[in-house]
Amino acid sequence: MTASSASEAQHEPQQQQQQQQQQQQQDIAALQQQLQQQQGEVARLQEEARQLRKQQGSNSAAIAAATASLTAARDRVQQLEQQLQQQQQLQQQQQQEEEDDLPHFLKYKQQFENIIKRKFYVVPSFEIYGGSGGLFDFGPPGCALKNQVENFWRNKFIIEEEILEISSTCLTPHAVLKSSGPKQEGVAATAAAAAGSSSSNNSNGTEKETIEKRDEESSASCKKEKQSKKQQQQQQQQQVQQQQQQQEGLGHLRPETAQGIFVNFRRLFDYVGGKIPFACAQIGIGFRNEISPRNYLLRTREFFMAEIEHFCSQQGKKKYYKFNSIKHYYLPLFSAKDQLGGAGSSVGSGSASENLGSGSGSGSSVVSGSGSGSGSSVGSGSGSGSGSSIVCGFGNGPRWYLRRLEDAVNDGIIDNETLAYYLYKTYSFLISLNIPSKYIRFRQHLPSEMAHYAADCWDAEVFTSYGWIEVAGHADRAGIPHKP
């Protein structure tokens, strides 16, 4: 055997192994593509089923057919997932490498939470009495960190963007929410209504005596008229409800800070000389009557928020003078079309990297929301693609696209330039907090989850140990015009 033939024989097993690995990768890639398409189909069918259920007088046969199609699509997804899992089990070495590459906040989630509590960053409130669900206290290091982020947000949004700032009360009279319409009143009713009634908090003793008096009268009436216990309870409930409806000065703890800006719109409009556009911000506490608080600080009954309302005309929002300075930047956009299985445009191979300058903002009365800020010369992200969009995503999950803002507005993905400007400012702010760009995306609301007042909504989401979490909302409040 010659030296060359011996060398070929020695490398033949290695070549076969490489070919097998390549074939496995191709099979996995094909399954992933099929799975992604099928997941998009499930999202599309699910959206159709939601729309049918919402429509009044919908045909029950059409709903049943849509449900059957959705079930079949989900079964197909399950089959593809099983096939993909079998293929991936053949690549144990690759799985180990992927496990080693997991973000540290996923691998050490429990350790981080223990340190946060042990070092007195954040602890449950009233801990010595067993704690109270959904309430937390910030210790010295946690308070310092919270104040630092708050001051940074104020500098980058309010000061640099020359945005007005107000501070309004946390209590909102019931009349204000009632005049806002039934939907807003319904939101307020769930927002700490039990804890937020100022008049009831100040008259617990009087109410208790009144209820006890009613109990005695009901008992006497029961003996006299031989009514059942169930009828007594029904009468008591009706009397309490009537008294609550007749109460004056009933107040609620606010579910958001925006209401304080809206009720002061006339004074703000006069303050700026009767000219638009202008923006106003508020930092404060919001309250929610959370039924099942969980996930640490993510679902609590009391929380801090920073909000900006940008007021402009319906025509003025389409063209915003600040947009030209940021229109060439890329943002990770997960549009409604992409969520329902639509394909991005101009996807190929390549990469994109943009330097983000300083900025701030997010929100409006035509465009509204919270969050955003500044970043200093950092990359906007990378992925495979060329042209106007670049594909992004993790593992077997859904895909979104890194899109140029100018193209996103021109293609109708983002409704207007004002909204696009504040999306950029939010991204810049998150990047400046040292959140890696690959863990940030903007998800557009589906039609079935769009707020009643909104023409377009985008959530800034960050990938955490709890999955993708909304950290800022951006809404075009086209449905709520304001008049001075």
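Derivation of every value follows stated rules applied to the coordinates shown; laboratory data play no part. Small disclaimer: the values here were computed from a predicted structure and weren't measured. A quick note on method: Cβ atoms are made from the backbone with ideal geometry, for glycine too, and the neighbour counts reach across all protein chains shown.
In table form, for the structure just shown:
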| item | result |
| --- | --- |
| Distance in nm between pseudo-label sites at Glu165 and Asn295 (7 Å out along the Cβ direction from Cα) | 2.9 nm |
| Amide H contacts under 5 Å for Ile390, placed H, 5+ residues apart | Leu402, Arg403 |
| Those residues of the stretch 274-296 whose amide nitrogen sits under 16 Å from the label point placed on Ser125, 7 Å along Cα→Cβ | 284-294, 296 |
| Separation between Cα centres of the stretch 307-336 and the stretch 108-152, rounded to whole Å | 35 Å |
| From phi via Karplus (6.51, -1.76, 1.60), per-residue ³J(HN,Hα) for the stretch 123-130 in Hz, x at Gly/Pro | 9, x, 5, 6, 5, 6, 9, x |
| Protection proxy ranking, peptides 399-406, 149-156, 130-137, average beta carbon neighbours within 10 Å, highest first | 399-406, 149-156, 130-137 |
| Of Lys54/Lys275; Lys107/Lys146; Lys275/Lys438, pairs whose Cα-Cα distance is over 32 Å | Lys54/Lys275; Lys275/Lys438 |
| Contour minus Cα-Cα distance for Gln235 and Glu470 (0.36 nm per residue) | 80.1 nm |
| Top positive-direction residue, dipole computed over the stretch 22-95 with Cβ charges, set Gln34, Gln89, Ala73 | Ala73 |
| Residues of the stretch 277-300 with amide N under 20 Å of a point placed 7 Å along Cα→Cβ from Cys143 | 283-286, 297 |
| Backbone N within the stretch 444-460 under 19 Å of label point (7 Å from Ile63 Cα along the Cβ vector) | 448-449 |
| Phi-based couplings in Hz for the stretch 74-87 (Karplus 6.51, -1.76, 1.60; Gly and Pro marked x) | 5, 4, 5, 4, 5, 5, 5, 5, 5, 4, 5, 5, 5, 5 |
| Packing-based exposure ordering (other Cβ within 10 Å, fewest first) of Leu84, Leu433, Leu45 | Leu433, Leu84, Leu45 |
| Sequence ranges 318-328, 252-262, 454-464, ranked by mean other-Cβ count within 10 angstrom, highest first | 252-262, 454-464, 318-328 |
